[in-house]
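Presented below is the structure to which this report refers.
The values are calculated or read from the model by the stated rules, or taken from the named source; none is laboratory data. Here the structure is a predicted model, which is why all the values come from computation and not from measurement. Counting neighbours? That spans all protein chains shown, and the Cβs are built from the backbone with ideal geometry, glycine included.
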Amino acid sequence: MPTYEYTAMSETTNKTTKGVMEAADQAGVVGALKKLHLRPLSVAPQRKSASFLNKLTASSKVKSDDLVIFTRQLSAMVGAGVPLLRSLNSLEQHCESPALKGVLGSVIKEVEGGSTLGDALDKHPRTFSEVYVNMVRAGESAGILDDILKRLAIQQEKNASIRKKVKGAMAYPTVLLVITVLAFFGLMIFIIPQIGNIIKNLAGPDASLPPLTQAMLGISSFLLQYGVLVLIALIAGVYGLLRYIRTPPGRKMFHQFVLRVPVLNTIIRKVIVARFARTFSALSGAGVSVIETMTVTAHALGNVVYEEELLSAVDEVKNGKQLSVIMEAGGLYPSIVSQMLAVGEETGQTDQVLVKVAEFYEEEVDTAINSMSSIIEPVMIVIMGGAVGLIAASVMGPIANLANQIKG
C-alpha cells in the first residue's frame, strides 16, 4: 500500500500537523484525516529519500536519557489535559534525537489510524520495553496515563543511574588492565628480544641464565613466531564466546557464572533485587494483575536464573500460594524482600512497600560499587606493577651476574 505525506490543520485548535499515512490513494488519506477532525492542506506521495531516512532513524537505538525526557514531557502534557495525539505531534516536532523522532513518527501514524498508545509502542520493542508497554496499557485502561508515565520516568532514571554507576566503577580498572596487557606485550615483543641479544653477546651463547630470564625469553620468542596466530585465535575465541553467550544455554551459563564471582555477585544480586522491587511496584501500582506483573517483571530482571525462578512461581501463585512464601523458600532473594512483600500482601499496599525495598537496595548498590572501586583500583595497580617488576627482575638478574663476574 502506498504511503502519503500530508499537511493538515486541526479543526479545533487550528494547529498545523505534518505526518505520513498509508492508504490506497490520496482520497483515502483525505477521508481518514477528516475522520480525525483534520482539514487537509496538502497530500502527496512520500518521497523515497524520506522513506529511507525514516527507516534509518527508526533502526537506530534510542538513548535512555532521551526516552526519560520524552516520558516526563508526555506525562506533563497529558496531565495538563492536552490530547494525546496533539502531545505526541508536539514532542515529535521538537525532538532533538533523530532515532526517537523516527520512532515517534511511526507511533503517531499508528495512533492516527486508531491504535491505542500501548499497541503503537509495542511495535517498537527496541525502544519501548515490555514493562513500558504494559504499564502504558494499564494506564490507558484505568484512565491514569499521566501518573503511570511519571512512574515510568522515575523507574527509567533509577535503572539508568545504576547502569552508569556500574560502568563508571569498571572504567578505571578496565583502562588499567588494557594498559597492563599492552605494556606486557610491548615489552615482550620489542624490548626483551633486544635485551636478550645483549645478554647473550656479553655472557656468551653457552651462558647459564636464571630460570626467570629463560622463561621470559621463551615467551618472547614464542610471541615473535606465533604472535599473529595467537592474536587471531584470541579474537576468534572472544567472538565465539560472545556468540555463545547470546544463545539461551550460553546466556544461562554466563548468568550462573557471574552470580558465583566474589564481590561482583553481591552487586549483581542487589541490582536485580532493586530492579525487581521497582518494576513489580510500578506494575502493581498501575493495576496490572499479579500474574501478568510477575511475568513482565521476570523478563525485566536481566538474569536468567532469577527470571526462571520468578516464572516458575507463577503456577504456584495461580494455585493460591502467596508470592512472599514462594520467594522465601526459593532462597535467591534476601529475607527482607519476602518479609516486606508479605506485609504488602496483608495491607494491600504492595507497590508502596516495594518502593521502599527498591530505594533501600539502590542505596546498597551505591555503597557496594564504591567499595568495589576502592578494592579493585589498588589490586589493578599491584598487578600492573607486578607484571613490570617481573620483567625487570628477569632482565636485572643476569646483568647483576655479569657485573659480579667482571669484578671477579
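Exactly one residue out of Val82, Val103, Val111, Val133 is of a type in the set (A, V, I, L, M, F, W, C), outside the structural domain of Leu283 (by TED's automatic domain parsing), buried (at least 18 other Cβ atoms within 10 Å of the Cβ) and free of Cβ contacts under 8 Å to residues at least 24 places away in the same chain: that is Val133. Residue under question is Phe254, and the condition is that it be surrounded by 14 or more Cβ atoms within 10 Å (Cβ to Cβ), under 19 Å from the mean Cα position of the chain (by Cα), part of a helix (DSSP H, G or I) and without any contact (Cβ under 8 Å) to a residue 24 or more places away in the chain; does it hold? In short, yes.
If you go through segment 329-352 and keep only what is of a type outside the set (A, V, I, L, M), surrounded by 12 or more Cβ atoms within 10 Å (Cβ to Cβ) and closer than 17 Å to Arg269 by Cα, you end up with Gly330, Tyr333, Pro334, Ser338. Filtering segment 136-177 to residues that are β-branched (Val, Ile, Thr), under 19 Å from Gly81 (Cα atoms) and crowded, with 20+ Cβ neighbours inside 10 Å leaves Val136, Ile148. Based on what the data block shows, is Asn159 in contact with a helix residue (DSSP H, G or I) (Cβ under 8 Å, 6 or more places away or on another chain) and either at pLDDT below 80 or over 16 Å from Ala286 (Cβ atoms) (or both)? Criteria met by Asn159. Where helices (runs of 4 or more DSSP H) fall wholly inside segment 258-366, the ranges with 1 or more residues that are touching a Ser or Thr at 6+ places or on another chain (Cβ under 7 Å), within 18 Å of Ile162 (Cβ to Cβ) and not aromatic (Phe, Trp, Tyr) are 264-285, 290-300. Across segment 110-145, what is the total count of residues that are outside any helix (DSSP H, G or I) and of a type in the set (A, V, I, L, M, F, W, C)? The total comes to 2.
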